[in-house]
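Below is one structure, written out as structure tokens; the observations come after it.
The values are calculated or read from the model by the stated rules, or taken from the named source; none is laboratory data. Because the structure is predicted, anything quoted here is derived from the model rather than measured. Neighbour counts run over all protein chains shown; Cβ positions are idealised from the backbone, glycine included.
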Amino acid sequence: MRRHRSGRAAVVVIAAVVVIAAISPAVVEAAEPSRLSLAREPRDDDSSRIVATVTDASGKRVAGVAVAFRVNTAFGWLTLAEVDTNANGNAMIVLPAQPRYVEIRAQAGEGDARAGLRLPEIASAEPAVRPGLGVLRALSPQPGFISPYPPPQILVVAGLLGGIWTTYGYLVWLLIRLRRVT
């Protein structure tokens, strides 16, 4: 009699496993990320926290999904970080105050859940202004020929080019002498 009961228990356990396995694909599909949203939270130190929220088709937040954060640079899209979502379905990164980016995009998992966010434009600092003609007139009667920032690199390049052209001149002079001799 005991064997018969344990056989029934095994059948019940197997049936439960089959039922759970049959239901599981529907649960897995619901847990796939289908929507991604981005939000920017400015901070006191001029940095920004970027929060990505991943939800499934039913609107429930999905935990454990890898979210890749990318920024647009002059050379293409740069991946800043890949962060897994927490229990609330959020993945966060902090963008430092400098350098600033214009646009950030995120992609959840391998699917089509993507989102983009334009970041506010930054006010650039005033460029350093060189002294005007009034300041340079005190140094020379021809202020256009004076620079308050002497460039030693120009002297090196001028010396190098002068040496090259002197060599060319010497070769031309030698060729003319050889032609006259022959």
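Among the residues examined, GLU41 does not qualify as in a loop (DSSP other than H, G, I, E, B), under 20 Å from the mean Cα position of the chain (by Cα) and on the phi < 0 side of the Ramachandran plot. Taking ASP84, is it out of contact with any strand residue (DSSP E or B) (no Cβ under 9 Å at 6 or more places or on another chain) and acidic (Asp, Glu)? In short, no.
A single entry from ALA66, ALA57, ALA26, ALA30 fulfils the requirement of being within 20 Å of GLY89 (Cα to Cα), at pLDDT 90 or above and not charged (D, E, K, R): ALA66. Scan the stretch 45-70 and report the pairs whose first residue is in the same structural domain as TYR101 (by TED's automatic domain parsing) and farther than 10 Å from GLU32 by Cα and whose second residue is aromatic (Phe, Trp, Tyr) and surrounded by fewer than 21 Cβ atoms within 10 Å (Cβ to Cβ), with Cβ atoms within less than 8 Å and a gap of 6+ or a chain change. Once the first residue is in the same structural domain as TYR101 (by TED's automatic domain parsing) and farther than 10 Å from GLU32 by Cα and sits in the stretch 45-70, its partners that are aromatic (Phe, Trp, Tyr) and surrounded by fewer than 21 Cβ atoms within 10 Å (Cβ to Cβ) give ARG70/TRP77.
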